[in-house]
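In what follows, a single structure is set out as C-alpha cells and then discussed.
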Amino acid sequence: MLQHHKPFLDRGISIQVLKRLKAGLATSGAFYQRYTFPILNKDGNIVGFSGRDVSGNLGNGKVKWKHQGKKKNWIYPLFFLDELGEPFVLDAIKKTGEVILVESIADTCWFHTLGVFNVICCFGLDISEAIKAKLIELAPNKIILAFNNDNLKPYNSGLNACANEFLGLLPYFDPETIGICLPL
C-alpha cells in the first residue's frame, strides 16, 4: 500500500490516526484505488481488509466500501498497538469503562482524531456475535450505540438499528448500561 493519505486528510482525519491504523492507498489488486485499512486479529495477524473507493467513479455497481475477509469475526480496531506497543483501544476501554460502537471505519477515525479511543467499528448497522462476546468479556459499565442516522432511504436507519441492537444486548447487560447517542 502506498502511504498516500490525502483522501482522509482532506476529511480532517489526523495523519497520526491513519498511520497508527496502518492505512494506505492500494495501487493494485482487488482494492485498487481504495483507501484501505488492514484488519488484525488478537495475534496481530491480518485477517481482512476494508477499503473506501477514492477514485471518484462510484456507481455502475461499484460500492463505496469494500470488505475482504470474515467481517463477522472482526473486532476493529481492538487489536492495534500504539507506538509503544500497547493495545491503545483495549486500554482506553478498560480505563473509561465504556465502549462506543460505531458504524464505519471513518467514524472510528473521527473519534480517534478527537482523542477518543474506546471505539469499536461494527462495519454496518448490527453488532456481530464476535463483538457481543468481547463486550461480555470486557463487561463495560457503559455501551454507547452511535450508528449514523443518515438521511438516505430508509430514513432513520441508524436510529432503528440502535433500537434493535439495544434490545439485542438486553439479555447480557443491564438496560442502564446501554445508551443510544446518534452522531450529529
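The values are calculated or read from the model by the stated rules, or taken from the named source; none is laboratory data. All values reported here derive from a predicted model rather than from experimental measurement. Positions of Cβ are generated from backbone atoms using ideal geometry, with glycine treated the same way; all protein chains shown enter the neighbour counts. Ligands, DNA and RNA are excluded from the accessible area calculation, which covers all protein heavy atoms including side chains. Shrake-Rupley method; radii C 1.70, N 1.55, O 1.52, S 1.80 Å.
Figure legend. Inter-residue proximity from the stretch 123-134: first residues over 15 Å from Lys70 (Cα atoms), second residues at pLDDT below 95 and surrounded by 14 or more Cβ atoms within 10 Å (Cβ to Cβ), beta-carbon distance below 6 Å, spacing 6+ or different chains. Indicated pairs: Leu125/Phe147; Leu125/Ala161. Residues that are open to solvent by 70 Å² or more (accessible area, probe 1.4 Å) and touching a helix residue (DSSP H, G or I) at 6+ places or on another chain (Cβ under 9 Å) were ranked within the stretch 10-47; the one that is nearest to Phe123 (Cα to Cα) is Arg11. Within the stretch 119-131, if we keep just the residues that are out of contact with any Lys or Arg (no Cβ under 9 Å at 6 or more places or on another chain) and open to solvent by 50 Å² or more (accessible area, probe 1.4 Å), the residue that is farthest from Leu170 (Cα to Cα) turns out to be Leu125. In the condition set (1) assigned to a loop (DSSP other than H, G, I, E, B); (2) farther than 19 Å from Glu165 by Cα, Leu125 is compliant with all but (2). For the stretch 48-107, a tally of residues being open to solvent by less than 50 Å² (accessible area, probe 1.4 Å), at pLDDT below 95 and on the phi > 0 side of the Ramachandran plot returns 2.
Condition check: in contact with a Gly (Cβ under 8 Å, 6 or more places away or on another chain) and closer than 20 Å to Tyr172 by Cα. Does Asn149 satisfy that? Criteria not met by Asn149. Residues that are within 30 Å of Ala133 (Cβ to Cβ), part of a strand (DSSP E or B) and out of contact with any Ser or Thr (no Cβ under 7 Å at 6 or more places or on another chain): does the stretch 1-20 have at least one? No, that holds for no residue.
Listed here are the residues, each with its yes/no results for (1) over 16 Å from Ile93 (Cα atoms); (2) touching a strand residue (DSSP E or B) at 6+ places or on another chain (Cβ under 8 Å).
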| site | (1), (2) |
| --- | --- |
| Asn141 | no, yes |
| Ala146 | no, yes |
| Asp150 | yes, no |
| Gly158 | yes, no |
| Asn164 | yes, no |
| Ile180 | yes, yes |
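Here the condition is being assigned to a loop (DSSP other than H, G, I, E, B), within 15 Å of the chain's Cα centre (by Cα) and within 27 Å of Arg11 (Cα to Cα); of Phe80, Phe111, it holds for Phe80 alone. Mind listing whichever residues of the stretch 132-184 are surrounded by 15 or more Cβ atoms within 10 Å (Cβ to Cβ) and either in a loop (DSSP other than H, G, I, E, B) or basic (Lys, Arg) (or both)? Once the filter is applied, which keeps residues that are surrounded by 15 or more Cβ atoms within 10 Å (Cβ to Cβ) and either in a loop (DSSP other than H, G, I, E, B) or basic (Lys, Arg) (or both), the stretch 132-184 yields Lys132, Lys134, Pro140, Lys142, Phe147, Asn148, Asn149, Phe173.
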